[in-house]
Structure formats: structure tokens, C-alpha cells
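Just below is one structure, and these are the notes that go with it.
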Amino acid sequence: MEERSTEAIEGEVLDKLRRHIRILVDIGRLSVEDADLDRFLDKAVVQIARAVEINHVKVLRYRPETADLLLVAGVGWKEGVVRSATFSVELRSPPGRAFQTAEPVSIKDFAEHEDLVRSEFLIEHDIVSICNVPVLINGAAWGVLEVDSTRPRDFSQDTTEFLTAAATLIGTALRHEAQPDEQARLMAAVAEAQRGQILLREMQHRVKNNFQLVLSSISIQKRRYRDPEAHRALDHVASRINAISLAHDQLAPRSEGQIVRLSHYIRALCSAIRNQAEEVEIDAECDELELTIDRALPVGLILNETAMNSIKHAFGTEGGRIRVNLVGGIGYGQARLTVSDNGRGIQNPKENGSGLKLIASLARQIGGTIGQKSTDAGTTTTLTFPLIT
């Protein structure tokens with residue numbers, strides 16, 4: 001009896017592996033036959049649902065301009081959410097963690113994972129169990145492939161390996177899909193511009209890979225320590241690394257060097273911060289300005305540090321609002337970044353606090369000055385700095 005039971009189990013596993021192989025072949029064929037990327041992804045998620053025997057599948061694409069993941073293809077979801085629903089890329093978000101670390105993330109039951117957040121989207125669709133794998137292009141994460149279950153499910157290694165293989169096929173299709181446009185652009189560009197674009201793209205991939213390794217290390221360290229204070233410290237470090245990573249997402253080549261579209265960077269950073277604190281609203285108004293990468297990074301880190309301080313100290317459980325304003329043309333070739341909140345103000349100001357020291361040090365790096373005013377109606381921090389590109 002025991003022997004027959006073992007044979008039956010082995011037979012089921014073998015049948016599943018055969019099904020996985022057949023469907024991977026089908027996905028590979030679809031990637032060649034269908035030149036339209038959206039159509040290919042729509043068909044691919046149906047095949048993946050067949051293979052995993054699950055009702056909910058989605059493909060998420062990272063958008064650097066808003067620092068979020070957009071649901072670009074899916075099956076099993078409510079009408080209207082595909083190509084409109086978005087998800088956080090922060091480490092407490094399962095797809096965000098898979099994207100940031102470039103590693104699979106599986107959850108048998110959200111009730112057993114206090115360190116990961118179950119989004120409103122998942123709650124609305126009664127999802128309790130998920131498995132995410134990154135979609136990679138040249139080693140850097142493009143997005144995430146996710147399967148979701150409405151009942152607790154222990155996703156096996158076979159399932160994770162199948163999803164990883166399917167994500168690899170999707171990444172290959174994405175790389176091929178970009179080639180015609182890339183070729184046309186390369187033909188139209190001058191030789192030096194070609195070289196600049198290629199080197200920039202290669203550098204961005206390498207930098208992204210390095211950030212993923214660091215964030216993966218932080219994620220591992222969080223699992224080793226249960227102390228909430230240690231978790232908060234590691235989350236703060238991760239937010240600073242993410243702020244640097246977002247700046248590299250906004251890089252554009254210029255004859256004078258690598259330029260960051262500062263307005264895009266500020267908006268993307270605000271979106272990333274908003275995703276870390278759902279009870280806090282962040283509004284951003286920005287003039288269209290540009291800075292070199294070495295000058296844009298301190299601006300982004302100052303914004304990140306100031307906003308995180310507001311989230312940590314200014315608001316109670318009811319949350320609040322942070323307003324970010326970036327304007328150029330201040331004084332003689334200067335710009336001003338203003339970050340204000342409607343919180344309770346700084347209760348016990350520490351002039352030598354590490355956060356204020358970091359902000360002041362970052363401002364000095366770019367020849368800027370920091371001003372701060374705080375009342376019981378909120379705190380406003382102002383960075384004024386020269387616009388040198």
C-alpha cells in the first residue's frame with residue numbers, strides 16, 4: 001500500500017514536470033510568433049495559470065518615473081485593473097522585495113509573515129498566498145511575475161523553478177522586442193552618442209545589480225534579527241539605498257556628463273516614500289530642472305531623510321500630509337527644495353542628532369544651505385542650492 005502511494009506521488013510529480021515543459025515550449029513559441037508585446041504577455045499569463053493550476057497570475061513592470069510596479073498583464077483579476085493597478089517596490093511589499101533583491105519571494109499564508117505587507121489589491125481579491133519571481137533583462141530586474149492563491153498554498157521548488165524559467169522567457173522576449181527601435185535609434189545617432197547611450201545603459205544595469213545585492217543582504221539581515229529597532233534601522237538604510245538607486249534610473253546622457261532629470265527623480269522618490277507609509281499623503285510640485293548625478297544624489301537623500309523623519313516623528317496613527325516643492329530661478333542661479341508636513345512639530349529638537357548632521361553634510365557637498373522652522377502646526381525644511389550642471 002505504501003509503495004503504491006509513493007508511486008502515485010512520483011507519477012503526479014512527473015506529470016507536473018512534463019506539463020511545465022510543454023507550457024514553457026508554448027510560451028517560447030508565442031514569444032517568437034507574436035510581435036505585439038502586450039498580446040504576448042496576455043497569452044503568457046494564461047499559459048502560466050494552466051501550468052501552476054491557479055486562477056490568478058500577473059506580470060508587473062517597473063516604472064522608474066513613478067517608482068512603482070504597473071500590472072501590465074494578468075488573468076483572474078477584476079475588470080479594469082490590468083494596465084492600471086500599481087504596486088509598491090519597497091521591501092515590505094512581496095513583489096517589491098522580489099524586484100529589489102532579484103530573488104524569488106514565496107508566502108504560504110500572509111498571516112504568518114508580519115514583515116511583509118498584504119496590499120489592498122490582494123485583500124480586495126481575497127489573496128492569502130503568493131509566489132513572486134523577478135523578470136530580468138541582462139541581469140537587472142525589469143519587473144516581476146507573480147502567481148496568487150485565495151487559499152494557503154505552499155509553492156513547491158518545482159513551481160518556483162517553473163516560474164523562474166517562464167520569467168526568463170518573458171525577459172528574452174522583452175529584450176528582442178526592444179531591438180528594432182534600438183537599431184533605428186542607433187542608425188540615426190552619431191557615433192559618440194551611440195557610445196554614450198550604450199555605456200550608460202551598461203552602467204545602469206551593473207549599478208542596478210549592485211543595489212539588488214545590497215538590498216538582498218539587508219533583507220537577509222532582517223530575517224536574522226527580531227528586534228523591531230533593528231528592523232527600523234535596516235529599513236532606514238534600505239530607504240537611503242533606494243533613493244540612490246532611483247537617481248540612477250533617471251540618468252540621461254549629455255555632452256557634459258551624466259545628467260539626472262531632477263523633477264522626475266523627485267516625483268519618483270516621493271512615490272517610493274508614499275508606498276512605505278500608506279497613512280501619509282505626499283504631494284510633489286516640481287520645476288523641470290536637471291543636475292549632474294553627483295549633485296542630484298545629495299538633493300534626493302536630503303528629501304528622503306527629511307520625509308522619513310516626518311513619517312517617524314511628526315504624525316500619529318491618523319497619518320498626515322507632506323508637501324514637496326522644487327523651484328528654480330531663486331536668486332542668482334539657485335534652486336530651492338521645500339519639504340513641509342502638517343504634523344505636531346519637533347517636540348524635543350536635538351541639534352546634534354545624526355539625521356540633521358547628515359542633512360547638513362549633504363547640503364555642504366553641493367554648496368547649499370539648510371533652513372528649518374517648526375511649530376505645533378508642522379515642520380518645514382528648506383534646501384537652497386546652486387543650479388550647476
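If you go through region 83-114 and pick out every residue that is open to solvent by 50 Å² or more (accessible area, probe 1.4 Å) and in a loop (DSSP other than H, G, I, E, B), you end up with 8. If the requirement is being open to solvent by less than 30 Å² (accessible area, probe 1.4 Å), closer than 24 Å to K43 by Cα, among the hydrophobic types (A, V, I, L, M, F, W, C) and not in a loop (DSSP other than H, G, I, E, B), which of these qualifies: L145, L136? Answer to the check: L145. Would you please list the contacts, defined by Cβ atoms under 8 Å and residues six or more apart or on different chains, that run from a residue in region 15-40 that is within 20 Å of A73 (Cα to Cα) to a residue that is hydroxyl-bearing (S, T, Y) and in a helix (DSSP H, G or I)? These pairs meet every condition: S31/T172; F40/S31.
The residue of region 307-341 that is surrounded by the most Cβ atoms within 10 Å (Cβ to Cβ), among those that are polar (S, T, N, Q) and modelled with pLDDT under 90, is S310. The set of residues from region 367-386 being buried (at least 19 other Cβ atoms within 10 Å of the Cβ) and part of a loop (DSSP other than H, G, I, E, B) comprises just one member, G368. Answer with yes or no whether R274 is at pLDDT 85 or above, under 24 Å from R92 (Cα atoms) and open to solvent by 70 Å² or more (accessible area, probe 1.4 Å). Spelling it out, it is not the case that R274 is at pLDDT 85 or above, under 24 Å from R92 (Cα atoms) and open to solvent by 70 Å² or more (accessible area, probe 1.4 Å).
Number of residues in region 262-313 that are of a type outside the set (S, T, Y), more than 18 Å from the chain's Cα centre (by Cα) and not in a helix (DSSP H, G or I): the value is 12.
Quick check on my filter: what residues within region 30-70 are small (G, A, S) and either under 14 Å from A166 (Cβ atoms) or buried (at least 19 other Cβ atoms within 10 Å of the Cβ) (or both)? Across region 30-70, the qualifying residues are S31, A44, A49, A51, A67. Right, E120: within 26 Å of E229 (Cβ to Cβ) and open to solvent by 50 Å² or more (accessible area, probe 1.4 Å) or not? Against the criterion (within 26 Å of E229 (Cβ to Cβ) and open to solvent by 50 Å² or more (accessible area, probe 1.4 Å)), E120 does not qualify.
Would you check if I346 is more than 25 Å from I241 (Cβ to Cβ), open to solvent by 40 Å² or more (accessible area, probe 1.4 Å) and aliphatic (A, V, I, L, M)? Against the criterion (more than 25 Å from I241 (Cβ to Cβ), open to solvent by 40 Å² or more (accessible area, probe 1.4 Å) and aliphatic (A, V, I, L, M)), I346 qualifies. Does R267 count as modelled with pLDDT of 85 or more and of a type in the set (K, R)? So R267 fits the description; yes.
The values are calculated or read from the model by the stated rules, or taken from the named source; none is laboratory data. Quick caveat, the model's predicted, so the values are computed rather than measured. All Cβ positions, even for glycine, are placed from backbone atoms using ideal geometry, and neighbour counts span all protein chains on display. In case anyone asks, the SASA skips ligands and DNA or RNA and just uses the protein heavy atoms, side chains included. Shrake-Rupley method; radii C 1.70, N 1.55, O 1.52, S 1.80 Å.
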